[in-house]
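Here's the structure, in structure tokens; my notes come after.
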Amino acid sequence: MGESLRLDAREKRELDEIGFVLRRSVFDAAEVVAIRADCEALVARLEAEQRHAKLTAGSYTFEIQRKLGTIVKWEPDALELVQGVEPFAHLSSALRDWALDPRLVEPSKDVVGDEQIAMFTEKLNLKRAHKGGPIVLHQDFPYWSDVAKVASRVATAMIFLDDANRENGCLEAVPGSHREGLQKRRSVEGFGSLELDPEAYDTSRLVALEVPAGSVVFFGPFLVHRSAPNRTDKDRRALLYSYQPAGHPHLGELIKLLPPTERL
Ligand SMILES: O=C(O)CCC(=O)C(=O)O
């Protein structure tokens, strides 16, 4: 029998204490090249589509591609650049297959706390060279809790597709914040009210996760996190696969972008 991919005792303790588990170089260089190519193919396809209105929502700019069942995020300060795509598993069988990789699914079972898990959502984030902007301080839970019954159990596996560091906007997370419940959010109308109020939060607690490409960080929905703009001349890309206990609808179905389907 091969070695277990589940979290070991030390990682379970870490998850409990700091709220995330980092595994370095889970995917090798050739795999990372292949995943990046799958991501860029998806982005090229979406860039070639007919454009719809770009809507400002909080710190983000969204374009709803209803027929394709996806949302494209554009860089607010460089509107010609795709910042992200969610969901996309139905648009790319290659990227759906990566979501099923045991190196992501097995540890995620321990983060979800269930032996049977299914996809909840999947997101591609691109921070293009020099122009990729920030992902503002937030917890994931508020973005999901209005629509998903199991929002408190969703676990995310974030795969870094480029070496990530402070200069290119690596993930920054607050150890222990997953135990502190919901944080004060911005007092604004609409989508921006899901973002944390940075004035009310001690951002000196953030820790930068500088990692080589192919690394994966696993975390739950209450972890406080953000990332800075990319100030380098190379892209910083990442995939975020989110899993939930099996038997619940995908986020795309809940927000009526996708028809009901069996996943995972
Ligand atoms: O890509 C990043 O740096 C942050 C990802 C994230 O937190 C998100 O998209 O919700």
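Would you pull out the residues with amide H under 5 Å of residue 118's amide H, same chain only if 5 or more places away, H placed 1.01 Å from N?
244, 246
Quick check on the chain: take the gyration tensor over C-alpha atoms, sort the square-rooted eigenvalues as a ≥ b ≥ c, and tell me if it's rounded (a/c under 1.5), prolate or oblate.
It comes out rounded by the Cα gyration axes.
Taking the Cβ of residue 62 as the center, what net charge do the other residues with Cβ under 13 Å away carry, scoring Lys and Arg +1 and Asp and Glu -1?
Taking every other residue near residue 62 into account, the sum is +2.
Pairs 73/256; 54/184; 123/184; 67/131; 131/184; 109/184: which are spaced more than 21 Å apart, C-alpha to C-alpha?
Table pairs above 21 Å Cα-Cα are 54/184; 123/184; 67/131; 131/184; 109/184.
So if I place +1 on the C-beta of Lys and Arg and -1 on the C-beta of Asp and Glu, and nothing else carries charge, what would the dipole magnitude of segment 9-246 be about its Cα centre? I want it in debye, nearest 20.
Rounded to the nearest 20 debye, it is 240 debye.
Quick one: which residues, 5 or more positions from residue 214 or on another chain, have an amide H under 5 Å from its amide H? H modelled 1.01 Å from N in the peptide plane, none for Pro or chain starts.
Those lying under 5 Å, H to H, from residue 214 are 160, 161, 162.
At a Förster radius of 45 Å, what calculated FRET efficiency corresponds to the Cβ-Cβ distance of residue 261 and residue 3, to the nearest 0.05?
E(calc), rounded to 0.05, equals 0.90.
May I ask you to compute the full-extension gain from residue 44 to residue 116, defined as 0.36 nm times their residue separation minus their alpha-carbon distance, rounded to one decimal in nm?
22.5 nm
Values quoted throughout were computed directly from the atomic coordinates according to the rules given, and no laboratory measurement underlies them. On a predicted model such as this, the values are computed, not experimentally measured, just so you know. Quick reminder, even Gly has a Cβ in these numbers, built from the backbone with ideal geometry, and neighbours come from all protein chains shown.
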